[in-house]
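Enquirer: Have a look at this one before I ask anything.
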Amino acid sequence: MLAAFETAPRDAEILLGGPEGTLRPERTRRGGGPPFWLCAEFPRLPSGRYAVAVRDAGRTVGRGAVDVPLPGSAWRAAAGVWESAAGWTRDSENLYSAWLDALFEDADERTSWNALHEVVRDAARNIFFDSLGLGEDDGAGPNAIEMTPDCADNPFFLRAYFAWKAGLPFGFHSCTWGTLEAAPHVLKLWTNDAMNLGGANTAQAFARLMPILKDTVHAGNGRTKFADDTSDYYPLPLTRRDLRPGSVFADPYGHTLTIVRWVPQSGKRPGLLLAVDAQPDGTIGIKRFWRGNFLFNTQEVVGEPGFKAFRPIVLDGGRPRLLANREIAASPDYGNFSLEQEHMASDAFYAVMEKLINPEPLDAESAFHDLFRAFHEQLLVRVESVAKGEEYMKSRPGVVIPMPAGGEAVFQTTGPWEDYSTPNRDLRLLIAMDTILGFPEKVAANPEAFGIPARRPADAVVREMAALEKKWAAEMSITYTRSDGSLQVLTLTDVLGREGAFEMGYNPNDGPEIRWGAPEGSAEMATCRRRAPAYQLTRMRAMRVWFKRRLHPAA
């Protein structure tokens with residue numbers, strides 16, 4: 001049983017009433033805020049109706065009932081993929097946020113899975129585990145669900161799964177990719193109630209929906225115009241109340257993340273905003289909010305990126321309908337349609353977000369060390385991505401992965417290039433390097449924001465920060481596998497010194513030594529056995545301006 005609260009409960013509990021009297025849970029989990037949530041686990045119960053009471057500080061704050069179905073009663077197929085019992089409301093949005101928070105309750109930046117279905121198959125995480133009694137989450141049998149989204153699909157897969165289990169409507173659009181001159185716009189709407197995919201039961205129908213969803217949704221869905229009334233998402237204000245688990249961040253170059261948890265600031269420990277993303281190879285991982293992971297820019301980009309929420313779907317006369325922006329703005333359940341991010345400057349965006357994550361300003365040393373930790377985690381994830389590309393190339397000797405022509409196509413395409421190239425990730429990596437290298441000057445320009453007296457000389461502040469940079473960069477390292485199978489250790493000093501090489505290091509047709517910026521003629525480069533063809537190098541040199549400019553289009 002899952003309960004969600006707008007404000008923090010003091011001593012909440014969930015009780016069930018049945019033929020044998022009041023039943024207390026065997027295990028209780030708590031988290032969130034806002035929404036706050038409480039999950040109570042009860043032993044398996046006989047079929048029938050049970051009264052539910054949520055109590056807090058000695059008084060009942062919620063009542064309801066739950067039906068435990070007869071074995072096998074969920075086997076019948078629905079008219080659509082599943083039948084929607086009710087439309088989305090504030091309560092269901094809170095439960096969606098609570099479910100996501102609980103699903104990734106103890107995950108951190110080192111946590112990853114090979115596929116999304118591995119997450120929902122974990123009964124200790126997933127409150128909905130096998131809730132239909134069809135064996136849909138046990139990973140075996142004819143009703144097992146497989147989910148392998150990429151980054152743009154991942155928010156839709158999470159939303160679809162929750163809607164399916166909770167009996168809520170779900171929809172998605174086919175969508176154009178968009179260009180620098182015209183933002184993406186949606187085309188046909190698909191909904192669970194209107195799609196008849198066959199199957200002996202709702203689990204099999206849901207399993208058939210997943211590849212359709214994967215083939216239809218792409219990065220364009222997340223970058224439609226903020227004012228578009230028909231899009232899958234609508235834009236949010238940048239407030240702690242509105243950026244809840246389930247909120248989606250679409251970046252300017254096609255990457256998409258879903259918020260799953262806030263970790264509050266505590267003493268000298270920085271706060272964290274954590275999100276889950278998916279990679280083209282299907283892996284799922286946790287990312288923290290910072291400039292190196294969340295790219296925000298509104299100039300010379302395709303569409304309008306930023307933080308957004310799924311557009312609510314209500315039922316009118318039993319038929320699903322998406323709320324328009326004006327309805328969302330006027331709704332007492334929502335009221336959070338906002339154009340705040342439209343044309344917003346990058347620095348202003350990050351300043352607002354840093355204040356939300358750390359309401360009390362960090363001292364300079366703590367803030368700088370936190371940046372280094374985030375940068376290190378980013379590099380560790382890249383090690384895995386490059387290794388997967390190398391594994392693919394070694395399994396196909398002599399094969400050259402085609403490189404798309406044109407700047408936008410390099411970031412948004414399909415096939416092996418999408419799966420194993422890393423232009424978007426490397427652009428984020430370069431921005432992370434800029435953030436690290438520019439931090440001493442940032443502190444010197446505004447020392448009081450970091451607890452340093454304004455009377456302190458700026459050059460002294462820069463020297464102190466530079467000394468910390470040198471120390472931590474030498475202490476932290478990553479290890480990658482070279483072409484001959486030997487291991488190569490790179491300190492962060494090495495990586496920061498190769499900044500320019502990462503502007504050309506995203507091509508999987510190059511050996512790992514090139515992708516990690518090994519200097520020509522070095523012992524490290526001597527083991528390299530593969531180079532991208534000349535025509536691709538020409539295209540990459542032309543593309544280099546995209547990486548040099550980073551998020552500064554006028555540069």
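Enquirer: Mind giving me the nanometre distance, one decimal, between the label points for L437 and A330, set 7 Å out from Cα along Cα→Cβ?
Expert: For the pair L437/A330, the computed spacing is 5.3 nm.
Enquirer: Then there's this: Need one number: nm distance between label points at T28 and K470, each 7 Å from Cα along Cα→Cβ, rounded to one decimal.
Expert: According to this spin-label approximation, the distance is 5.5 nm.
Enquirer: With a Förster radius of 30 Å, plug the Cβ-Cβ distance of L45 and T111 into 1/(1 + (r/R0)^6) and report the FRET value to the nearest 0.05.
Expert: 0.40
Enquirer: From the list (i) 70, 66, 52; (ii) 78, 61, 46; (iii) 97, 75, 48, can you say which value of Cα extents along the principal axes in Å was derived from the structure given?
Expert: So the calculated entry is the one marked (ii).
Enquirer: Could I ask something else about it? Given contacts defined as C-alpha pairs under 8 Å and at least six residues apart, what's the relative contact order of the chain, whole-number percent?
Expert: 11 percent.
Enquirer: Report the label-to-label distance for A449 and T527 in nanometres (one decimal), using points 7 Å from each Cα along the Cα→Cβ vector.
Expert: 4.3
Enquirer: Now, a different point. For region 1-68, with equal point scatterers placed on the C-alpha atoms only and solvent neglected, what are the log10 I(q)/I(0) values from the Debye formula at q = 0.14, 0.22, 0.23, 0.26 1/Å, to two decimals?
Expert: -0.40, -0.94, -1.01, -1.22
Enquirer: Sticking with this one: Can you tell me the FRET efficiency between R498 and L189 if r is taken as the Cβ-Cβ distance and R0 is 45 Å, rounded to the nearest 0.05?
Expert: Working: r = 47 Å, r/R0 = 1.04.
Computed FRET efficiency for R498 and L189: 0.45.
Enquirer: Among R10, R241, R321, which comes first, then next, by fewest other beta-carbon atoms within 10 Å?
Expert: R10, R241, R321
Enquirer: Go ahead and run the numbers for FRET between V489 and E342, Cβ-Cβ distance against an R0 of 51 Å, rounding to 0.05.
Expert: 0.65
Enquirer: Then there's this: Near K268, which lysines are there with a Cα under 25 Å away, not counting those fewer than 8 places off in the same chain?
Expert: Straight-line reach from K268, under 25 Å: K287, K355, K442, K470, K471.
Enquirer: Work out from phi, with θ = phi - 60° and the Karplus expression 6.51 cos²θ - 1.76 cosθ + 1.60, the ³J(HN,Hα) of each residue of region 489-500, listed in order in whole Hz, and give x for Gly and Pro.
Expert: Values per residue, Gly and Pro as x: 8, 10, 6, 5, 4, 4, 5, 5, x, 10, 3, x Hz.
Enquirer: Does region 132-190 classify as rounded, prolate or oblate by the C-alpha gyration tensor (a ≥ b ≥ c root eigenvalues; a/c under 1.5 gives rounded; else a/b over b/c gives prolate, otherwise oblate)? Present the calculation step by step, with values, prior to reporting the outcome.
Expert: On the way: a/c = 3.64, a/b = 2.29, b/c = 1.59.
Prolate.
Enquirer: If you stretched the chain out fully between D130 and T179, how much longer would it get, using 0.36 nm times the residue separation minus the C-alpha to C-alpha distance? Kindly include the intermediate steps, with their values, before the conclusion.
Expert: Numbers: separation 49, 0.36 × 49 = 17.64 nm, distance 4.25 nm.
Additional length available on full extension: 13.4 nm.
Read-outs throughout are calculated quantities, based only on the coordinates presented, and are distinct from any laboratory measurement. Note that the structure is predicted; figures quoted are calculated from it, not measured. Because the Cβ atoms are built from the backbone with ideal geometry, glycine has one as well, and the counts that use them run over all protein chains shown.
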